[in-house]
Amino acid sequence: MSRVVKWPRYIRIQRQRAILKKRLKVPPPIHQFTQTLDKNQASKLFKLMVKYRPETRAEKKHRLYEEAKNEVEEKERDPANKPRILKYGLKHITHLVEEKKAKLVIIAHDVDPIELVVWLPTLCRKKDVPYCIVKNKSRLGAFVHQKKVAALAFTDVHQKDQSQFAQLTKNFTVLYNEAVFKEWGGGMMGCKTTKRQEKLQRIRDAEEAQKIGVGVSM
């Protein structure tokens, strides 16, 4: 049945793109986006990110109402109550990194086109801002009430999360900021091409062996 079914155009494009990514040689700056966090470290990071989700509209309305109420009653504003949330939006994150206000940048590995974020790891290294690459831009979007997000950033965390956050940034600095990505990706041939190349190599080896045998006998 699969040979008869005419798949939708977007599925055909997805499959063709996946095959092209395997066949074509991928330069190191792009290939580094395949080096994502493992399941253990990603789960620790996501558990921390859940605590810093942005406010919903109702929560923000309630907070502003309480602030206005306290202002009328001339109560001092507690700086500890300042909302600490994840930042998103490429322009906003770029500004935070350039100003060195970002403490950690999380980048999705499947941003399309990749040119949107391919320069971001280099900028993070230049500004000494820890960064990491995780799977699935839709998963990142869920943390900030969006469908898809290319990158997120931490600017501040609560005192109780400081030690965990410091450990994560230390690990990510070793894995990404201090790592040198020189490995090229792609270049994987299909089954038919691989078999054909193996067959040609066996023929060449046999010819070489025959030439050596003739040379020895002479």
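Summary of values
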item	result
Net charge, residue 52 excluded, C-beta distance under 10 Å - Lys, Arg +1, Asp, Glu -1	+2
Computed Rg/Rh of the chain, alpha carbon atoms with Kirkwood Rh	1.21
Two-site label geometry, residue 163 and residue 72: point separation in nm, points 7 Å out along Cα→Cβ	4.3
With Cα atoms, 0 to 90° folded angle of helix 9-23 axis to the chain main axis	60
Low-density loop positions, GluC sites (Glu not before Pro), the stretch 77-182 - DSSP coil, at most 15 other Cβ in 10 Å	99, 178
Peptide ranges 202-210, 48-56 listed from the most packed, as the mean C-beta count within 10 angstrom indicates	48-56, 202-210
Top of 145, 31, 62 by mean-square fluctuation, Gaussian network on the chain, Cα under 10 Å	62
Distance (nanometres) between label positions extended 7 Å along Cα→Cβ at residue 103 and residue 4	6.1
Formal net charge of residues neighbouring residue 28 (Cβ-Cβ distance under 13 Å; K, R +1; D, E -1)	+1
Nearest-ten-degree value, helix 57-72 long axis tilted from longest Cα axis of the chain	30
Residues with amide H under 5 Å from that of residue 186, placed H, sequence gap 5 or more	26
For the chain, built as a Gaussian network whose Cα springs stay under 10 Å, the top-fluctuating residue of 129, 157, 72	72
Set 44/127; 135/199; 39/100 screened for pairs whose C-alpha atoms are more than 31 Å apart	135/199
Estimated [θ] at 222 nm from DSSP helical runs (n ≥ 4, -39500 (n - 2.57)) normalised by residues in the chain, nearest 500	-15500 deg cm²/dmol
Other-chain or far-sequence residues with amide H under 5 Å of residue 104's (modelled H)	154
FRET E, pair residue 189, residue 146, Förster distance 41 Å, beta-carbon r, rounded to 0.05	0.60
Net dipole in debye of the chain [+1 Lys, Arg Cβ; -1 Asp, Glu Cβ; about Cα centre; nearest 20]	1320
Most mobile of 150, 42, 58 in a GNM of the chain (Cα contacts under 10 Å)	58
Restraint check, 21/91; 25/182; 6/148, Cα-Cα greater than 23 Å	21/91; 6/148
The stretch 112-186: chymotrypsin sites (Phe, Trp or Tyr not before Pro) in DSSP coil with no more than 13 other Cβ atoms inside 10 Å	119, 184
Length-normalised contact order for the stretch 61-190 - Cα pairs under 8 Å, 6+ apart - percent	29
Mean separation of Cα contacts under 8 Å (6+ apart) over length of the chain, as relative contact order %	29
Whole-angstrom gap from the stretch 166-218 to the stretch 108-122, using each part's C-alpha centre	28
Degrees, to the nearest 10: 191-217 long Cα axis against longest axis of the chain	40
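Since every read-out is calculated from the coordinates, none of them should be taken as a lab result. Please read these numbers as outputs of a predicted model, since none were measured by experiment. For neighbour counting, all protein chains shown are included, and Cβ atoms are generated from backbone atoms with ideal geometry for every residue, glycine included.
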